[in-house]
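Structure first, then comments.
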Amino acid sequence: MRLDKYLKVARVLKRRVVAKELAEKERLKINDRIAKASSEINVGDIITIEFGHRHLQVRVLDIKEHVKKEDSALLYEIVDDQKRELPE
């Protein structure tokens, strides 16, 4: 599955367009490598997302085309979630 679609289906990000914009700014990584929105993901991959003052890493546990909102959190686990202070 494409990275942008996975992030939308798993409800890590609200829209695929946001994932595309982050990828264009090189703020999305798969296994510590800069990723495109169209990059394919696999179970076990670590996805790193940097947006605003947040640094989020999630591990892919499952890949499904469609999932109910309450089951979306079962598709991934949070490895690291840091909030950084923005410079003044």
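Which residues, taken from segment 1-23, are without any contact (Cβ under 8 Å) to a residue 12 or more places away in the chain and among the acidic types (Asp, Glu)?
Selection gives Glu21 alone.
Would you check which residues across segment 32-46 are part of a strand (DSSP E or B) and either of a type outside the set (A, V, I, L, M) or surrounded by 18 or more Cβ atoms within 10 Å (Cβ to Cβ) (or both) and list them?
Arg33, Glu40
So, in segment 72-86, of the ones that are more than 15 Å from Leu13 (Cα to Cα) and of a type outside the set (A, V, I, L, M), which residue ends up surrounded by the fewest Cβ atoms within 10 Å (Cβ to Cβ)?
It comes out as Glu85.
Considering segment 2-16 alone, what residues qualify as being exposed (fewer than 15 other Cβ atoms within 10 Å of the Cβ) and either modelled with pLDDT of 95 or more or at positive phi (or both)? Give the steps one after another, and end with the answer.
Here is the first cut: in segment 2-16, the ones exposed (fewer than 15 other Cβ atoms within 10 Å of the Cβ) are 11, 14-15.
Passing the criteria: only Arg11.
Go through segment 7-24 residue by residue and tally those that are closer than 17 Å to Tyr76 by Cβ and either in contact with a Cys (Cβ under 8 Å, 6 or more places away or on another chain) or among the β-branched types (Val, Ile, Thr) (or both).
The total comes to 3.
Go through (1) closer than 21 Å to Lys83 by Cα; (2) crowded, with 17+ Cβ neighbours inside 10 Å; (3) modelled with pLDDT under 95 and name the single condition Ile49 misses.
(3)
Taking Glu50 and the conditions (1) part of a strand (DSSP E or B); (2) free of Cβ contacts under 8 Å to residues at least 12 places away in the same chain; (3) not hydrophobic (A, V, I, L, M, F, W, C), which numbered condition does it fall short on, given that it satisfies the others?
All conditions are met except number (2).
Can you find a residue in segment 18-31 that is surrounded by 12 or more Cβ atoms within 10 Å (Cβ to Cβ), of a type in the set (Val, Ile, Thr) and modelled with pLDDT under 95?
Yes, segment 18-31 contains at least one residue that is surrounded by 12 or more Cβ atoms within 10 Å (Cβ to Cβ), of a type in the set (Val, Ile, Thr) and modelled with pLDDT under 95.
Here is a check on your reading of the model: is Ala23 within 19 Å of Asp62 (Cβ to Cβ), part of a helix (DSSP H, G or I) and not basic (Lys, Arg)?
Answer is no for this residue.
For the structure I just gave you, tell me whether Ile63 is buried (at least 16 other Cβ atoms within 10 Å of the Cβ), out of contact with any Asp or Glu (no Cβ under 7 Å at 6 or more places or on another chain) and of a type in the set (A, V, I, L, M).
It is true that Ile63 is buried (at least 16 other Cβ atoms within 10 Å of the Cβ), out of contact with any Asp or Glu (no Cβ under 7 Å at 6 or more places or on another chain) and of a type in the set (A, V, I, L, M).
Could you list all residues from segment 19-46 that are among the acidic types (Asp, Glu) and under 22 Å from Arg84 (Cβ atoms)?
Hits for segment 19-46 are Glu21, Glu24, Glu26, Asp32.
The values are calculated or read from the model by the stated rules, or taken from the named source; none is laboratory data. It should be emphasised that the depicted structure is a prediction, and the values quoted were computed from it without experimental measurement. Please note: Cβ atoms are built from the backbone with ideal geometry, for glycine as well, and neighbour counts cover all protein chains shown.
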